[in-house]
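Written out below as structure tokens is the structure these notes cover.
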Amino acid sequence: MSRGDLRVRVDPIACTAHGLCAELLPERVRLDDWGYPIVDDRPLPPELVAHAKRAAAACPTLALLLPPADGQRARSVPPPGRGRAGAASR
């Protein structure tokens, strides 16, 4: 595992069980009986990184996170126009 590998995590406070993450990244996310995500948090292989970033960006509550596997602080990957700068300009 190299430094900076990504893994999928969910912010359980922010998540409101839309289920979009499981549709966009079924290789790593499945839903529990209530529609909340259960994630496989192993480091993502290179072929899933783009899909994971798309799923994180599409999350309606930005609850899907992609922290590095080396334990660095988790950061969400907001889609264009939905980050802090986009919110300030509205």
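Only the coordinates and a few stated rules stand behind these numbers; no lab work does. Please read these numbers as outputs of a predicted model, since none were measured by experiment.
Quick look at the values:
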{"item": "Residues with amide H under 5 Å from that of residue 6, placed H, sequence gap 5 or more", "result": "44, 69"}
{"item": "Bins of 10 Å, starting at 0 and running to the largest distance - Cα pair percent for segment 9-70", "result": "25, 61, 15, 0"}
{"item": "Residue-wise HN-Hα coupling along segment 57-62, computed from phi with Karplus coefficients 6.51, -1.76, 1.60 (Hz; x: Gly, Pro)", "result": "5, 7, 4, x, 10, 6"}
